[in-house]
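Enquirer: One structure coming up, written as structure tokens, with questions to follow.
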Amino acid sequence: AMAGMMMFGAYLPRTVSIGKSALIIVTADTGVALLAGLVIFPFVFANGLDPGEGTGLIFQTLPVAFAQMPGGFFIGILFFTLLSVAAITSVVGLCEPLTAWLVEKFGMQRRGAALTLGIVAILFSTVSILSYNAWSDVSVLGASLSTLIDFVPNQIFLPLGGLLIAIFVGWFVSAGTSADELGLTGETAFDAWYQVLRFLVVPVVVLIFVTGVSG
């Protein structure tokens, strides 16, 4: 998610306010997540299914729930079609920085770079898919492959990446550069954001990281 935001931010016109855009995105994302939770979890509980399946909730629990409801076949098709669209658009966004890097670093054509990354994404996606069926018995370091694939990015890479970004921007990038890039109106708004980033966000993300790894 952070890599996606950085990519889209890199292509954002300077006339667009990063602060306002971030506020709109956070509000919309939180609203959609709450709405999805209000729909999905009662749906799961009503069918006596386990809501703690993690990633398996989408691919293992929800299909069973769809099969038990009237018209679930068509609702399931619609749900997974929309999920596929969301996944494809995310892959396109996340592959763009790597595509640009391959073009600039190695002089590759964009089509070849995009095709190469697409193949790599398909290979890793296949591993993830198989971890829920044919390779469900495979274990690494005492954990199932599907658990490891879910744990490492979410509990380690995501908070660690956020922590390093917060430290870099808060303590190594000059305040003037951050203020120029953010375009926040008024010194008070920027100062508030800057101090929260340095003295609140960093320790909170550290706590999230330690809790996630130790838990």
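The values are calculated or read from the model by the stated rules, or taken from the named source; none is laboratory data. As the structure is a prediction and not an experimental result, all values here were calculated from the model. So basically every Cβ, Gly included, is an ideal-geometry build from the backbone, and we count neighbours across all protein chains shown. Only protein heavy atoms, including side chains, enter the accessible area calculation; ligands, DNA and RNA are left aside. Shrake-Rupley method; radii C 1.70, N 1.55, O 1.52, S 1.80 Å.
Enquirer: Can you find a residue in region 105-112 that is surrounded by 13 or more Cβ atoms within 10 Å (Cβ to Cβ), modelled with pLDDT of 85 or more and in a helix (DSSP H, G or I)? Don't jump to the end; show me each part of the working.
Expert: We begin by selecting, within region 105-112, every residue surrounded by 13 or more Cβ atoms within 10 Å (Cβ to Cβ); these are 108, 112.
Next cut, modelled with pLDDT of 85 or more only: 108, 112.
Subset that is in a helix (DSSP H, G or I): 112.
Checked against the condition, which is being surrounded by 13 or more Cβ atoms within 10 Å (Cβ to Cβ), modelled with pLDDT of 85 or more and in a helix (DSSP H, G or I), region 105-112 yields at least one hit.
Enquirer: Which residue out of VAL91, VAL127, VAL120 is touching a residue at least 24 places away in the same chain (Cβ under 8 Å), closer than 23 Å to PHE151 by Cα and of a type outside the set (S, T, N, Q)? Don't jump to the end; show me each part of the working.
Expert: Details: VAL127 fails: touching a residue at least 24 places away in the same chain (Cβ under 8 Å); VAL120 fails: touching a residue at least 24 places away in the same chain (Cβ under 8 Å).
Selected residue: VAL91, the only one of VAL91, VAL127, VAL120 that is touching a residue at least 24 places away in the same chain (Cβ under 8 Å), closer than 23 Å to PHE151 by Cα and of a type outside the set (S, T, N, Q).
Enquirer: Does LEU158 satisfy being in contact (Cβ under 8 Å) with a residue 40 or more places away in the chain and either open to solvent by 50 Å² or more (accessible area, probe 1.4 Å) or farther than 21 Å from GLY9 by Cα (or both)?
Expert: Values: in contact (Cβ under 8 Å) with a residue 40 or more places away in the chain: yes; either open to solvent by 50 Å² or more (accessible area, probe 1.4 Å) or farther than 21 Å from GLY9 by Cα (or both): yes.
Judged against the criteria, LEU158 is a match.
Enquirer: In region 65-104, which residue that is of a type in the set (Ser, Thr, Tyr) and open to solvent by 50 Å² or more (accessible area, probe 1.4 Å) is farthest from THR116 (Cα to Cα)? Talk me through it step by step, then tell me what you get.
Expert: Applying the first criterion (of a type in the set (Ser, Thr, Tyr)) to region 65-104 yields 81, 84, 89-90, 99.
If we keep only those that are open to solvent by 50 Å² or more (accessible area, probe 1.4 Å) too, we end up with 81, 84, 89-90.
Numbers: THR81: 25, SER84: 21, THR89: 17, SER90: 17 Å.
Here the answer is THR81.
Enquirer: Quick one: THR147 ticks every box in (1) under 23 Å from MET5 (Cα atoms); (2) assigned to a helix (DSSP H, G or I) bar one, so which box is it?
Expert: (1)
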